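Below you'll find the structure, written out as structure tokens, and then a few comments.
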Amino acid sequence: MRDLGFPVFLNFAPEMDNPLNAWSETGGNTPEEFIKAWRHVHDRFEILGVQNITWVWNPSKATGMEAYFPSGKQYPESRYVDWIGISCASDDSMDKGKGEEDFASLYEPFQEKIQSLGIGLPIILTELGTSSHWGGSAAWTMNSLKKIKSNYPEIKSAIVQSDTREIKQQKEIIVQKAGLMDWFRDKSTPIHFLEVFPNPELVAFPESVTKEKKQRQNTIKGSYGNFSMEVDGTKFYMKGVCYSAGDEWREGFLPLSKKQLQHDFQQIKEMGANTIRRYEPCIYDRNILKVAEQYGLK
């Protein structure tokens, strides 16, 4: 993962409180063991210098979130977690005979729990979708995205679910069995999910993205009481700002928009600073440092 040179969202041991998963209590694993395992894997990645990982913690139910939070009960401490993943898939209502569930009923129990714990991390919907069984999967997803845009600003990303991996024959065999859901998208209704949001600007990663940039020639000259620093052969007096906006100060794994960076760096420059400090190496530093250079910040 480190050698990829790209940002990677790692959803490690998702839905650890779901009894269908082998890493849940059904498999003989306690919440304490899950937290210990999460911290061990997280720390190993850091020791090995894997700084392009964004850690996604993905419980399946709001009711048991406290027991599995990787930082324990030290809310809102979030050293071990960067994003909270939540599944909002309306997949369990067919056998209850009550019809599909709306987005608010799926998401708001998580929202209330997260707010009560004071955790301010961004949210990624690891599953967003509903079954074609009810005949309106496209409309359901479109309406959900509109609600997210207007009512839930903490949701920063969503993975829209449309399972087309199985061939038609497999679909017919599986879906006809009682209690199983048809995740195949209704092809008769075109889906234009992204029309709800402005089209994102595509980012191209060059082949040289993993190559190290040539280091500046920085030197310290002088003697005790009379030191000076030189950057690229010129004396430089550092006037810096510690910059980790929108995130816990020791981490830097929350992507910042170019617009926010430009706004912040313009103000930093106007106040007379010439340097920004980042606390921990991060894949997003490439974007941050590129914009900083445009504003003459080291």
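Only the coordinates and a few stated rules stand behind these numbers; no lab work does. Quick caveat, the model's predicted, so the values are computed rather than measured. Here Cβ is always computed from backbone atoms with ideal geometry, including for glycine, and neighbour counts include all displayed protein chains.
Structure notes:
- Cα-Cα over 31 Å, subset of 149/290; 113/147; 146/290; 259/298: 146/290
- Residue-count net charge about residue 2 - beta-carbon cut-off 12 Å; Lys, Arg +1, Asp, Glu -1: -1
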